[in-house]
Amino acid sequence: MINYQEARKEFKELISKHKGIKVAYESGSVSVPGLSDLDFILILDKKWGVDDTQSYYDSLSRISLNLQTAIGPGNILLIPSYLESEMLVIDDFNLKLLSSSASNVEPKKYYDKYTEICRVLDWLPERINIQ
């Protein structure tokens with residue numbers, strides 16, 4: 001079974017080694033322990049570059065099996081700092097601050113029917129199991 005607390009702790013340690021990560025959020029919730037995964041949003045500093053990206057992905061390649069299982073495939077969003085206020089257009093994330101070096105940006109909320117349709121079209125394929 002996934003140890004979510006240990007996975008969060010390990011992820012916080014991992015991102016603390018990357019100074020270009022300005023803010024880290026956990027988004028969503030663990031509604032079904034053992035099945036739910038952890039989702040993270042990382043806000044990147046303006047100076048984040050190719051070398052930072054390579055170093056970050058190298059770090060991810062060395063994470064524990066527990067953290068790999070907790071995150072699952074592709075549940076870490078990297079968002080440049082200039083788009084931080086717009087991140088809720090992707091989804092109405094339930095954000096929990098994990099770490100911060102400097103953020104005073106309040107994400108804008110988006111509630112129109114077209115945005116909601118796009119959100120459903122984004123997450124629907126991962127919830128449909130076609131065999």
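The values are calculated or read from the model by the stated rules, or taken from the named source; none is laboratory data. Remember, predicted model here, so these are calculated numbers, not experimental data. Neighbour counts are summed over all protein chains in view; Cβ atoms, including those assigned to glycine, are modelled from backbone coordinates with ideal geometry. Only protein heavy atoms, including side chains, enter the accessible area calculation; ligands, DNA and RNA are left aside. Shrake-Rupley method; radii C 1.70, N 1.55, O 1.52, S 1.80 Å.
Note on L83 and I117: with the Förster distance fixed at 22 Å, the Cβ-Cβ geometry gives a FRET efficiency of about 0.55. Calculation over all alpha carbon pairs of segment 50-94 in 5 angstrom steps from 0 returns a P(r) of 5, 16, 21, 21, 18, 17, 2 percent. Figure note: V23, V89, V50, V30 ranked by solvent-accessible area, largest first, 1.4 Å probe, ligands and nucleic acids not counted: V50, V89, V30, V23. Convert 37 °C to kelvin, take the viscosity as 0.692 mPa s, use the Kirkwood radius over C-alpha pairs of segment 24-77 as Rh, and evaluate the Stokes-Einstein diffusion coefficient in µm²/s, rounded to a whole number. Rounded to a whole number, D works out at 264 µm²/s. Projecting label points 7 angstrom from Cα along Cα→Cβ for T69 and F93 puts them 2.6 nm apart. Return the tail of the calculated pair distribution for segment 1-57, meaning the percent of Cα-Cα pairs more than 14 Å apart. Here the tail beyond 14 Å accounts for 59 percent of pairs.
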